[in-house]
Each structure stands twice: as C-alpha cells, then as structure tokens.
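Here's the structure we're looking at; comments come further down.
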Amino acid sequence: MENWDLFLAPYQQVVEELKVKLKVMREQFDNLSDHSPIEFVTGRVKPIPSILIKAKEKGLNADNYHEIQDLAGLRIMCQFVDDIYTVIELLRGRSDFEIVEERDYISRNKVSGYRSYHVVISYPVETINGQVKVLAEIQVRTLAMNFWATIEHSINYKYSGQIPENIHARLRRAAEASARLDEEMSNIREEIQEAQKIFHRKK
Ligand code: 0O2
C-alpha cells in the first residue's frame, strides 16, 4: 500500500461518525429515562499489521484491501442479551447505511466459545472527491461476552493463535460460565432495572 493515511482516512471517518450516532442513540434512551439497550460504544480502525495479516489469510492484495469487512470496527456493549436484539432492530431500521451481512455467533457460538452478533454495513462517506461507500463491522455483545472476548483475544495474541489445549479448555469453560452469567442476569432483569432506575434518579 503506497499511502496508508489516504486509504484509511474514510474508515477513520466512518468510525468517528458512527461512534457519534450510536452514542446519540444511548443519550436518547437516557433522556426518556428508559432503560438504554446500549451500555457503551467503542470504535477503532484496524491497525496496519492486523490488516496485513488478515489480507494474507484471505489472499488479498493491496487493490482488494477494501474487501476486508472490519477495517472500520464498532462495538456496542449491552447489559442483557435481549438488548442485543433490540440494538439489531434499531440498526435494521436506519436509513443512513445498508446492512450487507449479519453473523449471529450467539445462537451458534464459535468453536473457541466466542459469542457476539456481527452486522456488516455499507456506509456512505462524504469526501471532497464525492461519496464513497465503505464496509464497517458492528459487533454487538453483552458486557460478559466482551469480558470473555477481550481476555481470549489477548491470550490468542500471546500464543500467536496457537493456544495450548489446557488453556483452550479453560477458556471454553469460562465461555460457558459467561453464558450462564448472561442467563442469570436476564432472569433478574426486572429487579436490576428497578434498582438502576432508583439509582439513576438519585444521581
Ligand atoms: P481484531 O483484533 O478484533 O480486529 P475472520 O476474522 O476471517 O476469522 P470473518 O468472517 O472475517 O472472520 O469475520 P468475523 O467472524 O466477523 O470475525 C471478525 C472479528 O470478530 C475478529 O476480528 C474479532 O474481533 C472477532 N472474533 C471472531 N472470532 C473471535 C474469537 O474466537 N475470539 C475473539 N476474541 N474474537 C473473535 P480480528 O481481525 O480477528 O481481530
């Protein structure tokens, strides 16, 4: 790639624009003093070394790097599993981008134990040279799913993707425990939300 800054600029723009838009969704729920299905939002442009690794895995050359779906990545964290589906519905209802693919790793989690709901969108970016449509991946997950994925990601990095079997087995057990945590929290959801409303009013 001759000019990474030039290539990545629209992706940086998508990340910044979507972070604002998704945070506004959260604020709108807060203003209604309703439960917000969005706890917090993060975003990043994929670092160049990771782009190069992924491009190699997928057999892409510099002309096709734009096919990588998560160069622009957004993450929406939710308290409860049901909130994830509320967020997905909100995303489906938007008119400022088009959903091109959905991957549900919650009803069918990955072998690693990874759970999350991925939505790939085509997002129009306005530039001084006109409009360009770029892909972005929005990962929607609970706080528990995020905790597990963050830990697993760093362990995976440490072992360069070759996690020893005993650690793998423990991670799978941890993934099961995280799914049970989500289930238990869903079971006492009304109690939790009642407490949060009182807490919110006191602040
Ligand atoms: P990073 O550092 O987050 O950018 P592929 O990436 O080719 O395996 P695909 O089909 O292109 O898969 O995309 P998919 O399945 O939507 O996964 C892309 C991203 O989801 C990953 O990006 C991770 O962020 C996350 N993810 C997927 N599987 C796992 C997993 O088993 N563990 C963790 N912790 N995260 C996962 P990158 O590029 O791998 O990494």
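Worth a mention:
- Answer from Arg115, Arg108, Arg141 - the residue that is under 18 Å from Lys23 (Cα atoms) and out of contact with any strand residue (DSSP E or B) (no Cβ under 6 Å at 6 or more places or on another chain): Arg141
- Members of the stretch 84-106 that are more than 15 Å from the ligand (Cβ to nearest atom) and surrounded by fewer than 18 Cβ atoms within 10 Å (Cβ to Cβ): Tyr85, Thr86, Glu89, Leu90, Arg92, Gly93, Arg94, Ser95, Asp96, Glu98
- Scanning the stretch 36-70 for residues that are assigned to a loop (DSSP other than H, G, I, E, B), under 22 Å from Asp82 (Cα atoms) and open to solvent by 40 Å² or more (accessible area, probe 1.4 Å) returns a single hit, Glu39.
- Members of the stretch 116-159 found to be more than 10 Å from the ligand (Cβ to nearest atom), part of a helix (DSSP H, G or I) and either open to solvent by less than 30 Å² (accessible area, probe 1.4 Å) or of a type in the set (Ser, Thr, Tyr) (or both), listed by number: Ala144
- Filter result for Asn109 (surrounded by 11 or more Cβ atoms within 10 Å (Cβ to Cβ), within 12 Å of the ligand (Cβ to nearest atom), at pLDDT below 95 and not basic (Lys, Arg)): yes
- Qualifying residues in the stretch 160-182 (those that are touching a helix residue (DSSP H, G or I) at 6+ places or on another chain (Cβ under 8 Å) and more than 15 Å from Asn109 (Cα to Cα)) - the one surrounded by the fewest Cβ atoms within 10 Å (Cβ to Cβ): Ile167
- Criterion (touching a residue at least 40 places away in the same chain (Cβ under 8 Å) and out of contact with any Pro (no Cβ under 9 Å at 6 or more places or on another chain)) met by exactly one of Gln193, Gln162: Gln193
- Of all residues in the stretch 21-35 being in contact (Cβ under 8 Å) with a residue 24 or more places away in the chain and closer than 17 Å to Ala136 by Cβ, the one that is surrounded by the most Cβ atoms within 10 Å (Cβ to Cβ): Leu22
The values are calculated or read from the model by the stated rules, or taken from the named source; none is laboratory data. This one's a predicted model, so the numbers in the text were calculated from it and none came from an experiment. Glycine gets a Cβ as well: all are built from the backbone with ideal geometry, and neighbour counts include every protein chain shown. Side chains included, ligands, DNA and RNA excluded: accessible areas come from the protein's heavy atoms. Shrake-Rupley method; radii C 1.70, N 1.55, O 1.52, S 1.80 Å.
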